[in-house]
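The values are calculated or read from the model by the stated rules, or taken from the named source; none is laboratory data. A quick note: this is a predicted structure, and the numbers were derived from the prediction, not measured. Here Cβ is always computed from backbone atoms with ideal geometry, including for glycine, and neighbour counts include all displayed protein chains.
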Amino acid sequence: MSNYILKDVSLSVHDGEVMVLLGPNGAGKSTLLNIVAGLIEYRGSVLFDDQPMDRIGPEKRQVGYLFQDLALFPHMKVRDNVGYGLHMRESGNRLKMAKKIDALLEMVNIQHLGDRYPRILSGGEKQRVALARAIASNPKVLLMDEPLSSLDLRSAKYLRMEFRQLQRKIGATTVFVTHSLDEAAEIADRIAIMDHGEILQIGAPDDVIFNPVDKRIRSFIGEPNILTCQSSHAIENGLAVATCGELPIVTPYEGKPIRKIAIAPEHIYLSTEPPAGPRINRFQGVVQRIQDYSSMVRIVVDVRGQEIVAELPRKVSDLMGLSKGSQVHIILKLRWLQVLNGETVSL
């Protein structure tokens, strides 16, 4: 009896969009990528522009694949790594290929690294080499399997921004695997939530964050703090101030009315002392209750009449000596705010 990892999966990816497969380890995300690439056997059908690919080998599917471990050749210089796929799939004028490799290196901002070996590159530089190699043959579909998981948060965020700009420029239809909701929300046109080989929900980032369709999704993405906003007005540089109850909150602004704001408990900064720095989205509150979850605790804080939940490691909470009635300061960090611009939302 066969034991299939994926179960009745049906997924359509629009031309030129970034579809993010989001889910925990073992959900079947990487397996789905490997099926699209033709790297493993499967039952069912994979269609590109309504044309079946099932009898076409991986080398002819016109797929670019950026693996989680990057799979760079350590004995090849950067130029040779990037050009490997070109030499395998194309033949012709060497000068023409060299110019194309130069253009690819420039496109991902590593034109100065062409003669270096992977072992002396930083993590972010290696990511750029692998991305240049993946897009070298102008693939119809670009597959990316948790390519930023090994980077620190700052580097990963910067590269996500660069990748999104590049993807729009080249227009590659992209399937991107991650287990990070923040990463998915930042780069996705649509998100497909996967668990145990099933697709549980597909939708725009706002839909998935604000309208999870069942308990499994809520359990995975967590229950965010959701604040209802009565009004908003633009200020400057793509920002607005949204009035949510008694809280004036600075948020990203796309020119539409801001109806609700969400922020995950783990992204709320909490301290017993007034924090240093600019006073944006900083409020004082009183601890109402503390929920114990073994290695971490959730602190429920009353902030001007609204309950906001912050999540802290147990050791940090113990050092702070928090208890019911403690006065605390919180920061709703701008970069972690998710904004809903639609007219209605069901929760």
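At-a-glance table
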read-out: In segment 124-155, the residues that are among the basic types (Lys, Arg) and either modelled with pLDDT under 90 or assigned to a loop (DSSP other than H, G, I, E, B) (or both); value: 140, 154
read-out: Qualifying residue in segment 257-270 (condition: modelled with pLDDT of 90 or more, loosely packed, with under 13 Cβ neighbours inside 10 Å and not assigned by TED's automatic domain parsing to the domain that holds residue 24); value: no
read-out: Residue satisfying condition, being of a type outside the set (Phe, Trp, Tyr), farther than 13 Å from residue 338 by Cβ and crowded, with 17+ Cβ neighbours inside 10 Å, within set 190, 218; value: 190
read-out: Only listed residue being loosely packed, with under 15 Cβ neighbours inside 10 Å, touching a residue at least 60 places away in the same chain (Cβ under 8 Å) and in the same structural domain as residue 136 (by TED's automatic domain parsing), chosen from 57, 26; value: 26
read-out: Total residues in segment 9-31, condition in contact with a Gly (Cβ under 9 Å, 6 or more places away or on another chain) and part of a helix (DSSP H, G or I); value: 2
read-out: Given (1) assigned to a loop (DSSP other than H, G, I, E, B); (2) in contact (Cβ under 8 Å) with a residue 24 or more places away in the chain; (3) not small (Gly, Ala, Ser), number of the condition residue 279 does not satisfy; value: (2)
read-out: Where a residue in segment 110-132 is in the same structural domain as residue 159 (by TED's automatic domain parsing) and its partner, wherever it lies, is of a type in the set (S, T, N, Q) and buried (at least 21 other Cβ atoms within 10 Å of the Cβ), with Cβ under 9 Å and at least six apart; value: 118/81; 129/81; 130/81; 132/81
read-out: Condition check for residue 194: modelled with pLDDT of 90 or more, not assigned by TED's automatic domain parsing to the domain that holds residue 249 and not β-branched (Val, Ile, Thr); value: yes
read-out: Selection from segment 187-208 of residues that are in a helix (DSSP H, G or I) and more than 25 Å from residue 162 (Cα to Cα); value: none
read-out: Search result, residues across segment 144-203 that are of a type in the set (Gly, Ala, Ser), farther than 14 Å from residue 220 by Cα and in contact (Cβ under 8 Å) with a residue 24 or more places away in the chain; value: 149, 150, 155, 156, 171, 172, 185, 188, 197
read-out: Flag if residue 286 is in a strand (DSSP E or B), more than 29 Å from the chain's Cα centre (by Cα) and either free of Cβ contacts under 8 Å to residues at least 40 places away in the same chain or closer than 27 Å to residue 242 by Cβ (or both); value: yes
read-out: Extreme residue, nearest to the chain's Cα centre (by Cα), among residues of segment 224-248 that are loosely packed, with under 14 Cβ neighbours inside 10 Å and part of a loop (DSSP other than H, G, I, E, B); value: 238
read-out: Whichever residue in segment 281-300 is modelled with pLDDT under 90 and not small (Gly, Ala, Ser) and, among such residues, is surrounded by the most Cβ atoms within 10 Å (Cβ to Cβ); value: 297
read-out: Residue among 79, 43 that alone is in contact (Cβ under 8 Å) with a residue 12 or more places away in the chain, among the charged types (D, E, K, R) and either surrounded by 16 or more Cβ atoms within 10 Å (Cβ to Cβ) or touching an Asp or Glu at 6+ places or on another chain (Cβ under 8 Å) (or both); value: 79
read-out: Subset of segment 259-276 that is in contact (Cβ under 8 Å) with a residue 12 or more places away in the chain and assigned to a loop (DSSP other than H, G, I, E, B) - its residue that is nearest to the chain's Cα centre (by Cα); value: 264
read-out: Candidate set: segment 289-337, residues that are free of Cβ contacts under 8 Å to residues at least 40 places away in the same chain and small (Gly, Ala, Ser); chosen: the one nearest to residue 228 (Cα to Cα); value: 325
read-out: Residue 251 in contact (Cβ under 8 Å) with a residue 40 or more places away in the chain and either crowded, with 18+ Cβ neighbours inside 10 Å or under 28 Å from residue 218 (Cβ atoms) (or both); value: yes
